[in-house]
1. Go through segment 244-301 and count every residue that is at pLDDT 95 or above and within 30 Å of GLY87 (Cβ to Cβ).
2. Being on the phi < 0 side of the Ramachandran plot and surrounded by fewer than 21 Cβ atoms within 10 Å (Cβ to Cβ) is the requirement here; does ALA37 meet it?
3. Six or more apart or on different chains, Cβ atoms under 8 Å: show the pairs whose first residue is in segment 271-283 and in the same structural domain as PRO224 (by TED's automatic domain parsing) and whose second is among the basic types (Lys, Arg).
4. Among the residues of segment 56-69, is there at least one that is of a type outside the set (Phe, Trp, Tyr) and part of a loop (DSSP other than H, G, I, E, B)?
5. I'd like the residue in segment 208-228 that is more than 17 Å from PRO2 (Cβ to Cβ) and touching a residue at least 60 places away in the same chain (Cβ under 8 Å) and, out of all such residues, is surrounded by the most Cβ atoms within 10 Å (Cβ to Cβ).
6. Somewhere in segment 152-164, is a residue in contact with a helix residue (DSSP H, G or I) (Cβ under 8 Å, 6 or more places away or on another chain), over 24 Å from VAL283 (Cα atoms) and either assigned by TED's automatic domain parsing to the domain that holds ALA214 or touching a residue at least 40 places away in the same chain (Cβ under 8 Å) (or both)?
7. Which of the strands (runs of 3 or more DSSP E) contained wholly in segment 214-301 include at least 2 residues that are in contact with a helix residue (DSSP H, G or I) (Cβ under 9 Å, 6 or more places away or on another chain) and not small (Gly, Ala, Ser)?
Amino acid sequence: MPARLIDGEALAARIRAELATQIAAIKQRTGSPPKLASILVGDNPGAKVYTRSQARSCEDAGIAYQLVELPNETTAEALAARIRQLGADPSVHGILLQMPLPPAINARDMAELIPPQKDVEGITSANLGKLLFYEGAELIPCTAAAAYELIKFAGCTIKGAECVVVGHSPIVGKPVVCLITNDLGTCTCCHIGTRDLKAHTTKAEILVVAAGKAGLVRGEHIMPGATVIDVGINRAAVLDADGKPVLDEKGKKKMKTVGDVDFASAVGVAGAITPVPGGVGPVTVAMLLRNTVRAAKAQVG
């Protein structure tokens, strides 16, 4: 029997509905909605697409959105000053910094200038540290929070479960490990240094894959009946029946969005799995909105 699909769109809709009441309450109390400021340095096309998507999501949710655009030649000092200005502005409840930044600017240094209470991406040391110390962090990295919420949405009992996270990035893999272990799941973190990936993943009742490599995990890597959360978003060529790239009318390769899990081989083994797209992605956006509302609530009282 094919795996049950874990519907990220449905979960995201549920979260947005819950936020609507909270946003209305904030607006009634303060006279204005929560406000998210997004800083974009330079003219990276991908980042611009992302900001337009953020603006639409905020508008749909009733959250005010401010895009702060700075030229590519912006210095670290000028960017730092702008971050501090937004941090001191009481009308701004959340701040996020679009990546990539110009090569001369250290992204980590800039992120640390965001006040923790306005860090809606949950990437400052203060907010990541709360995960480590079991302090009930409110502002959790959005993608990690999405993976965690999808595990619960799938009906999994985390306490006592054998869990594996593939990927150890500081804003996805490691926070997911903390969230699972904080719920008393037994968690193994695999990464590029793992010698035998299959030996670990086939023991996982809950498998989260966030390595950034298309098709890394196949059906043979999965325990029958496991819950699989595919965090990856990759672009891959569409292939024909002979395994050759399909070309469009201009002779260019047709592309599709795929995850880190080979869906075709995994869907017949897993018990439940997130599709790509339609799984982690929409919930990640919902987590950004949730963090913005949480930040606003904490700041307005």
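The values are calculated or read from the model by the stated rules, or taken from the named source; none is laboratory data. Owing to the predicted nature of the structure, the values given are computational and were not obtained by experimental measurement. Heads up, the Cβs are rebuilt from the backbone with ideal geometry, glycines too, and the neighbour counts pull from every protein chain shown.
1. Selection size over segment 244-301: 20.
2. Working: on the phi < 0 side of the Ramachandran plot: yes; surrounded by fewer than 21 Cβ atoms within 10 Å (Cβ to Cβ): no.
When the stated conditions are applied, ALA37 does not pass them.
3. GLY271/ARG4; ALA272/ARG4; ILE273/ARG4
4. To start, the set of residues in segment 56-69 that are of a type outside the set (Phe, Trp, Tyr) comprises 56-64, 66-69.
With part of a loop (DSSP other than H, G, I, E, B) added as a condition, the list becomes 62-63.
Scanning segment 56-69 turns up at least one residue that is of a type outside the set (Phe, Trp, Tyr) and part of a loop (DSSP other than H, G, I, E, B).
5. VAL208
6. No, segment 152-164 contains no residue that is in contact with a helix residue (DSSP H, G or I) (Cβ under 8 Å, 6 or more places away or on another chain), over 24 Å from VAL283 (Cα atoms) and either assigned by TED's automatic domain parsing to the domain that holds ALA214 or touching a residue at least 40 places away in the same chain (Cβ under 8 Å) (or both).
7. Hits in segment 214-301: 227-230.
Conditions (1) touching a Lys or Arg at 6+ places or on another chain (Cβ under 9 Å); (2) under 21 Å from ILE114 (Cα atoms), marked per residue:
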| position | (1), (2) |
| --- | --- |
| ILE15 | yes, no |
| LEU19 | yes, no |
| LYS35 | no, yes |
| GLN66 | yes, yes |
| PRO71 | no, yes |
| ALA76 | no, yes |
